[in-house]
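Inspection log for the structure reproduced underneath, given as structure tokens.
The values are calculated or read from the model by the stated rules, or taken from the named source; none is laboratory data. Bear in mind that the values here come from a model prediction, so they are computed numbers and not experimental data. All Cβ positions, even for glycine, are placed from backbone atoms using ideal geometry, and neighbour counts span all protein chains on display.
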């Protein structure tokens, strides 16, 4: 298949709109622009039988270190037991690096992507798990998009689990986004049961998130921030997004 030549060499997206790894499980193929800091936050509410768990803030920090190169880290996440069984705790810090091989062509409003991940867990009975994802996305107007996604986890011991996600995102400004997803997962109740006798318990998860991006190339006149104080925006976005919105609304 012939691919048309692209004049861009810095992996820049075709638009200035923020591109996030959330809310689906599959990470974006597009890195953040150089000299830009992008922060993605969210909370999960998980329900299984009578158990209810809440975890947050699910913070991922993404830094554009160079053209086509980004450094990212998932910050420690706290899990709280609200009701029923389950256990709480704090996750680990997870650093990573992403390298985009080149500019990606537009898809006429449609997009597909996938990801294969291997998790190594030496301290658990199942030492490693392979996870595959596939997502189908559709732009809805200029500010929103929707998606459906399949996620399959295949541990080296026990049976696989299968999840189906759906959700969407809405961009309040080119550099601010709120998003959500709903997940329905079927996983075995007991790994020791034979495959034909295995019982599957449904697991449901809801995710709400907010993301914003700061760029070293954007400036804001402090005198103009006062005009944005009565903003119709969730308080989770706080002050930093206010400054970035100012830089996008009144360029200097």
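Here is a check on your reading of the model: is residue 140 more than 14 Å from the chain's Cα centre (by Cα) and under 18 Å from residue 23 (Cβ atoms)?
yes
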**Request:** Using the structure shown, decide if residue 19 is touching a residue at least 12 places away in the same chain (Cβ under 8 Å) and not assigned by TED's automatic domain parsing to the domain that holds residue 172.
**Result:** yes
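Suppose we filter 108, 85, 102 for residues that are outside any strand (DSSP E or B), free of Cβ contacts under 8 Å to residues at least 40 places away in the same chain and surrounded by 11 or more Cβ atoms within 10 Å (Cβ to Cβ); which single one remains? Walk me through how you get there before you give the answer.
Working: 108 fails: surrounded by 11 or more Cβ atoms within 10 Å (Cβ to Cβ); 102 fails: free of Cβ contacts under 8 Å to residues at least 40 places away in the same chain.
Matching residue, one of 108, 85, 102: 85.
Looking at the stretch 143-150, is at least one residue within 24 Å of residue 120 (Cβ to Cβ), in contact with a strand residue (DSSP E or B) (Cβ under 7 Å, 6 or more places away or on another chain) and either modelled with pLDDT of 95 or more or loosely packed, with under 14 Cβ neighbours inside 10 Å (or both)? First the steps, then the outcome.
Step one: list which residues in the stretch 143-150 are within 24 Å of residue 120 (Cβ to Cβ), which gives 149-150.
Filter once more, keeping what is in contact with a strand residue (DSSP E or B) (Cβ under 7 Å, 6 or more places away or on another chain): 149-150.
Those still in the list that are either modelled with pLDDT of 95 or more or loosely packed, with under 14 Cβ neighbours inside 10 Å (or both) too: 149-150.
Among the residues of the stretch 143-150, at least one is within 24 Å of residue 120 (Cβ to Cβ), in contact with a strand residue (DSSP E or B) (Cβ under 7 Å, 6 or more places away or on another chain) and either modelled with pLDDT of 95 or more or loosely packed, with under 14 Cβ neighbours inside 10 Å (or both), which makes the answer yes.
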